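The values are calculated or read from the model by the stated rules, or taken from the named source; none is laboratory data. Keep in mind that this is a model prediction, so the values were computed, not measured. Heads up, the Cβs are rebuilt from the backbone with ideal geometry, glycines too, and the neighbour counts pull from every protein chain shown.
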Amino acid sequence: MTSKIKDNNSIDVYYNDTCPICKKEIGIYKSRSTGICYKDSSSMDDKYNRRMHAYKNGKEFVGASAFILIWKNTHGFKWLTYFLNNRFCIYIMNLIYEPLAYYLYRMHLRRKKIK
């Protein structure tokens, strides 16, 4: 039996492709990042549509932590992690991100209802 061995350094990012804002932002990251596999979560559990999720080596990163992981591996964004990758900044980033993510999630639910 042969199984495909996944690169231990690869990162899987789940984002809502039906969200125009999310799609545009991820498009920027896609064009500048390496070792990241971006996956559409719009048809998955709401957990993945409510917040940004990333996985590396089996560990889950959610919200601001997911952004930090993406930025670490994205040309032109890495410098942000030198300032923001600490508990205090991640806490503040999540305070800002959560209401915005909730609003985008509510828009997602409305789009699903219309279809």
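Which of the residues that make up the stretch 33-50 are surrounded by fewer than 21 Cβ atoms within 10 Å (Cβ to Cβ) and in contact with a helix residue (DSSP H, G or I) (Cβ under 6 Å, 6 or more places away or on another chain)?
Those that are surrounded by fewer than 21 Cβ atoms within 10 Å (Cβ to Cβ) and in contact with a helix residue (DSSP H, G or I) (Cβ under 6 Å, 6 or more places away or on another chain): Y38, R50.
Would you call K115 at pLDDT 95 or above and not aliphatic (A, V, I, L, M)?
No, not satisfied.
If I ask for residues that are touching a Leu at 6+ places or on another chain (Cβ under 9 Å) and small (G, A, S), which ones from the stretch 17-66 would you list?
If the condition is that a residue be touching a Leu at 6+ places or on another chain (Cβ under 9 Å) and small (G, A, S), then A54, A64 are the ones that fit.
Is it the case that some residue within the stretch 93-104 is of a type in the set (D, E), modelled with pLDDT under 95 and touching a Gly at 6+ places or on another chain (Cβ under 8 Å)?
Looking for residues that are of a type in the set (D, E), modelled with pLDDT under 95 and touching a Gly at 6+ places or on another chain (Cβ under 8 Å), one finds at least one in the stretch 93-104, hence yes.
Give all pairs with beta carbons closer than 8 Å in which a residue from the stretch 14-38 that is over 15 Å from F67 (Cα atoms) meets a residue that is aliphatic (A, V, I, L, M) and at pLDDT 90 or above; count only pairs at least 6 apart in sequence or on separate chains.
D17/I26
Would you tally the residues in the stretch 33-59 being among the charged types (D, E, K, R), part of a strand (DSSP E or B) and under 18 Å from L100 (Cα atoms)?
Residues that pass the stated criteria total 0.
In the stretch 13-23, how many are surrounded by fewer than 18 Cβ atoms within 10 Å (Cβ to Cβ) and either farther than 15 Å from Y103 by Cα or in contact with a Cys (Cβ under 9 Å, 6 or more places away or on another chain) (or both)?
The total comes to 2.
Among the listed residues I26, I68, which satisfies the condition of being touching a Ser or Thr at 6+ places or on another chain (Cβ under 8 Å), part of a helix (DSSP H, G or I) and either crowded, with 16+ Cβ neighbours inside 10 Å or acidic (D, E) (or both)?
Matching residue, one of I26, I68: I68.
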